[in-house]
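Below is one structure, written out as structure tokens; comments come after it.
The values are calculated or read from the model by the stated rules, or taken from the named source; none is laboratory data. Since the structure is predicted, the reported quantities are computational estimates derived from the model, not experimental observations. Positions of Cβ are backbone-derived with ideal geometry, glycine not excepted, and every protein chain shown enters the neighbour counts.
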Amino acid sequence: MAKYTAEQSVQRAHIWLMKHPNYCLYSGVFMVGTTSVDDSVPTACTDGRNTKYGRAFIEGLPETEIRALVLHESLHKAFRHIETWKPLYKENPQMANMACDYVINLMIYDSDPNKCNVKLPDGGLLDEKYRGLDAGTVYRDLKKQADEKKSITVKTADGKSKEVPVKSLSDMLKDALDAHDWENGESMSNEEKEQLAKDIDQALRQGQILAGKMGGNIPREVVDALEAKVDWREALREFVTSFCAERDESTWRKPSRRWIDEGVYMPSLIGESVGRLVIAIDMSGSIGNEEIGQFLGEVKQICERVQPEGIDLLYWDTEVCQHEKYDRDQLSNLLSSTKPAGGGGTSPACIPKYIAKHKLKPECAIILTDGYVSGWGKWDCPTLWGITEKSIVSEVGKSVYVG
């Protein structure tokens, strides 16, 4: 008879990890979402927010392996694997699962290589070949193996290695350390995903402080995740492009502008263009002319790529100080004709009010600011915030650090 119930065992593992200097870093991550024991779950699974443990599986593991399992699920959450590697899952869920597991299991192994307190269960994937790589790189290696020899070399924590035919991966993973609930993760709304990202980031930053006080080791991968600078220009492109990504059907109701000037009537792709965009630039003084010029230059390239109907360019501080309108055929002159104005405080709440008052109907809004604001406002359209202070995350929309 087990000494503790499965629920008690999982709880004990959480408490032990939270008290240990090397694992207290993830204390906040443990608290994100819900944790439950489910008789129908073979091993364990997470959707990136909530975690489930199989009762029979937990009851058959020693405490050191339960700790490793809890840490494993928490690392999936900490690195937001479900959302980050979603394209890989859509291509091949089995190999995507394996790639993510290989990466975090090496981290778990390195945290206690002598297996005194934390030990990966025998079925956990572990291969030194993938040390220092991210899940995307590991996935590409697995896919290359699958394409070349129709099988994949699988190595596990018990030191075993075997060739598994691609068609048998699904069966093999049933006995692996865990499953990844990609489908449920995908069902979260955009608002829920944004909130989850903020919760995870905040939990890791607070955990980083706690680990520092307790003299714990912070893995390089976590430091990189917290310190990484986002390529904000690419983020801007992806954000705007996403609004026409789904529009891939051709239509005769709207002729293609690429050909109509030549007297040729051709159907346009519905994803060929988006409507008008609002671009709102903070003029409170923290962002200089060089940054403004770079930002507008990049926006010009975005517009050339996604062909918006036009742009409403707003310069603002505590109010909208300048509103410049550019239609599609005027975008090429944006850099030479724009006249930035402003210089007061910083209240982005004035932007959605201005949009409503003047009945603007943007597909999305892009806001560049230092982040030191008095309220973020209530927005009725998708928003992307380019923030120059990396410690600040907006309360609404998507944030990206502008370095």
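Remarks
- Restricting segment 25-43 to residues that are of a type outside the set (Val, Ile, Thr) and in contact with a helix residue (DSSP H, G or I) (Cβ under 6 Å, 6 or more places away or on another chain), the residue that is surrounded by the most Cβ atoms within 10 Å (Cβ to Cβ): Leu25
- Residue match in segment 235-248 (condition: outside any helix (DSSP H, G or I), more than 24 Å from the chain's Cα centre (by Cα), over 27 Å from Asn97 (Cβ atoms) and at pLDDT below 55): yes
- Matching residues in segment 1-35 - criterion: being of a type outside the set (A, V, I, L, M, F, W, C) and over 14 Å from Glu59 (Cα atoms): His14, Lys19, His20, Pro21, Asn22, Tyr23, Tyr26, Ser27, Gly28, Gly33, Thr34, Thr35
- Within segment 133-142, none of the residues are surrounded by fewer than 18 Cβ atoms within 10 Å (Cβ to Cβ), at pLDDT 90 or above and of a type in the set (Ser, Thr, Tyr).
- Of all residues in segment 78-102 being polar (S, T, N, Q) and assigned to a helix (DSSP H, G or I), the one that is nearest to Asp181 (Cα to Cα): Asn97
- When residues of segment 71-92 are limited to those that are touching a strand residue (DSSP E or B) at 6+ places or on another chain (Cβ under 8 Å) and of a type outside the set (Ser, Thr, Tyr), the one nearest to Pro121 (Cα to Cα): His72
- Sole exception among (1) part of a loop (DSSP other than H, G, I, E, B); (2) farther than 20 Å from Arg276 by Cβ for Pro348, by number: (2)
- Applying a threshold of 6 Å to beta carbon distances and a minimum spacing of six or more residues, or different chains, the list of pairs starting in segment 314-326 at a residue that is assigned by TED's automatic domain parsing to the domain that holds Lys361 and surrounded by 21 or more Cβ atoms within 10 Å (Cβ to Cβ) and ending at one that is part of a loop (DSSP other than H, G, I, E, B) and not acidic (Asp, Glu) reads Tyr315/Met283; Tyr315/Pro340; Tyr315/Ala341; Tyr315/Gly342.
- The residues of segment 168-180 that are over 23 Å from Tyr109 (Cβ atoms) and at pLDDT below 75, listed by number, are Ser170, Asp171.
- Of all residues making up segment 45-77, the number that are within 18 Å of the chain's Cα centre (by Cα) and in a loop (DSSP other than H, G, I, E, B): 4
- Answer residue from segment 1-24, given it is over 23 Å from the mean Cα position of the chain (by Cα) and part of a loop (DSSP other than H, G, I, E, B) and is surrounded by the fewest Cβ atoms within 10 Å (Cβ to Cβ) among those: Met1
Yes/no matrix, rows are residues, columns are (1) aromatic (Phe, Trp, Tyr); (2) assigned by TED's automatic domain parsing to the domain that holds Leu196; (3) closer than 15 Å to Val240 by Cα; (4) at pLDDT below 90:
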position: Gln301; (1), (2), (3), (4): no, no, yes, yes
position: Pro308; (1), (2), (3), (4): no, no, yes, yes
position: Arg328; (1), (2), (3), (4): no, no, no, yes
position: Leu331; (1), (2), (3), (4): no, no, no, yes
position: Ser337; (1), (2), (3), (4): no, no, no, yes
position: Pro348; (1), (2), (3), (4): no, no, no, no
position: Trp379; (1), (2), (3), (4): yes, no, no, no
position: Val396; (1), (2), (3), (4): no, no, no, yes
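- Test result for Val10, free of Cβ contacts under 8 Å to residues at least 40 places away in the same chain, touching a strand residue (DSSP E or B) at 6+ places or on another chain (Cβ under 6 Å) and among the β-branched types (Val, Ile, Thr): no
- 3 or more residues under 20 Å from the mean Cα position of the chain (by Cα): qualifying helices (runs of 4 or more DSSP H) within segment 127-208: 135-149, 182-186
- Filter result for Ser9 (hydroxyl-bearing (Ser, Thr, Tyr) and under 28 Å from Gln208 (Cα atoms)): yes
- Scan of segment 359-392 for residues that are in a loop (DSSP other than H, G, I, E, B), crowded, with 18+ Cβ neighbours inside 10 Å and of a type in the set (Ser, Thr, Tyr), ordered by number: Thr388
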